[in-house]
Amino acid sequence: MVRSDLIDRIAEENPGLTQSEVETIVEAFFGAIVGQLNSGGRVELRGFGIFSVRSYGARAGRNPRTGEPVAVEAKNRPFFKASRQMIERLNTVR
């Protein structure tokens, strides 16, 4: 599922909202998550999971073609951990 599929699905399930209103809501939702992670926080959605940021330090890597050493800069990466309820829902027999 991509963002446009999500917007279409929410719009179908909520006939009182227009496509552009749903798009605005989805954009605001994702923007709030990214903003919270950018400020060093985490986002916990009960029954779904936790979004957080993990920091990775600088290290020496290798160019896979030439084998030459390459400096890899420090970076932050988003991390998601599914909740216990989500894992249980995914593993129930249907």
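Some observations on this one:
- Shape call, the stretch 43-94: gyration tensor on alpha carbons, a/c limit 1.5: oblate
- Inter-part distance where the stretch 6-29 and the stretch 39-94 are each reduced to a Cα centre, Å: 28
- Figure legend: label point modelled 7 angstrom from the Cα of Arg84 along Cα→Cβ; residues of the stretch 22-50 with amide N under 12 Å from it are 47.
- Debye equation applied to the C-alpha atoms of the stretch 1-41, log10 I(q)/I(0) at 0.27 Å⁻¹: -0.84
- Amide H to amide H, with H built 1.01 Å from N, Phe48 comes under 5 Å of Ser83, counting only residues 5 or more places away or on other chains.
- The angle between the Cα long axis of helix 3-13 and the longest principal axis of the Cα atoms of the chain comes to about 20 degrees, rounded to the nearest 10.
- Inter-label distance, nm, simple model (7 Å from Cα along the C-beta direction), Val2/Arg46: 3.5
- For the options Leu17, Leu45, Leu37, a Gaussian network treatment of the chain with springs between C-alpha atoms closer than 10 Å singles out Leu17 as fluctuating the most.
- The candidate values were (i) 13.6, 42; (ii) 14.7, 44; (iii) 19.0, 59; the one computed from these coordinates for Rg and Dmax of the Cα atoms in Å carries the label (iii).
Computed from the coordinates by the stated procedures, all read-outs in this text should not be read as laboratory data. Remember, it's a predicted structure, so these values are computed and weren't measured experimentally. Every residue, glycine among them, receives a Cβ derived from its backbone with ideal geometry; neighbour counts consider all protein chains shown.
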